[in-house]
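J.: Got a structure here, written out as structure tokens. Questions coming.
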Amino acid sequence: STTLYLAQLRRNDLAQAQRERICGRLADRLAHMEGLIESMLGFVRDAPPLRETLYLQDVLQEFEATVQPGLQLAGGTMAVTPVDRSLVLNGDRSALVGALANLAVNAAEAGGDGVHIDVWAGALSHGRLLLRVRDNGPGIAAELRERVFDPFFTTRATGTGLGLAVVARTVNSHGGDIRVGNSPEGGAEFLIELPMMTGSA
């Protein structure tokens, strides 16, 4: 998204108000990149996540604000199911936003033009919640699914192989589980289960 914003700034016909808005978003994206780098360094150091009481609603809103602008510029779309403030968890907000952003970036890179990402969240039980991230891309071959969370495993020439490994470690460090498969429509589907705080909403 940072690269796309820079490309927009090169346009001579860009109005000053639009230029200022893009500069603000660019600053936000650079700050987010800094957070992702910190997450990767944390992966290498195996640092424990920060712990605070979080509303999933706030995590999803920050995730959407992070990903949606760049995705739209690239010709993609995303739908995030609204949730209320009854879904509460204990964890690291930046790490969870970064994990979801990693899934969205992977979907966008695999799906190309016209990719659509669907994010759904809800309670599974009194103490567990589910996050489901689906796309309409080519899906993930069955023989690759057991390896996609391995550090440094990638099928792309320019990939680092750390994106999904960071996602898995973030989920596990929050006491959760992550599974991968293909949706009924054929695209990739990631299912994240996390423990939910009760009596805090």
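Residue by residue, here is whether (1) farther than 30 Å from Thr198 by Cα; (2) modelled with pLDDT under 85; (3) aromatic (Phe, Trp, Tyr); (4) part of a helix (DSSP H, G or I) holds:
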| residue | (1), (2), (3), (4) |
| --- | --- |
| Arg85 | no, no, no, no |
| Leu96 | no, no, no, yes |
| Leu100 | no, no, no, yes |
| Ala104 | no, no, no, yes |
| Ala110 | yes, yes, no, yes |
| Val133 | no, no, no, no |
| Arg147 | yes, yes, no, no |
| Phe152 | yes, yes, yes, no |
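J.: Being open to solvent by less than 30 Å² (accessible area, probe 1.4 Å) and not in a strand (DSSP E or B) is the filter here, so list the residues in region 113-126 that pass it.
T.: Val115
J.: Please go through region 154-201 and give me each residue that is open to solvent by 60 Å² or more (accessible area, probe 1.4 Å), more than 25 Å from Val115 (Cβ to Cβ) and at pLDDT below 85, ordered by number.
T.: Once the filter is applied, which keeps residues that are open to solvent by 60 Å² or more (accessible area, probe 1.4 Å), more than 25 Å from Val115 (Cβ to Cβ) and at pLDDT below 85, region 154-201 yields Thr198, Gly199, Ala201.
J.: Go through region 4-22 and count every residue that is acidic (Asp, Glu) and closer than 20 Å to Ala65 by Cα.
T.: Qualifying residue count for the region: 1.
Residue by residue, here is whether (1) in a helix (DSSP H, G or I); (2) modelled with pLDDT of 80 or more holds:
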{"position": "Arg21", "(1), (2)": "yes, yes"}
{"position": "Gly24", "(1), (2)": "yes, yes"}
{"position": "Arg29", "(1), (2)": "yes, no"}
{"position": "His32", "(1), (2)": "yes, no"}
{"position": "Leu36", "(1), (2)": "yes, no"}
{"position": "Ser39", "(1), (2)": "yes, no"}
{"position": "Val44", "(1), (2)": "yes, no"}
{"position": "Ala47", "(1), (2)": "no, no"}
{"position": "Leu50", "(1), (2)": "no, no"}
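J.: Please indicate, with yes or no, whether at least one residue in region 75-93 is farther than 30 Å from His126 by Cβ and open to solvent by 10 Å² or more (accessible area, probe 1.4 Å).
T.: Yes, the conditions are met somewhere in region 75-93.
The values are calculated or read from the model by the stated rules, or taken from the named source; none is laboratory data. Keep in mind it's a predicted model, so treat the numbers as computed, not measured. So basically every Cβ, Gly included, is an ideal-geometry build from the backbone, and we count neighbours across all protein chains shown. For accessibility, only protein heavy atoms count, side chains too; no ligands or nucleic acids. Shrake-Rupley method; radii C 1.70, N 1.55, O 1.52, S 1.80 Å.
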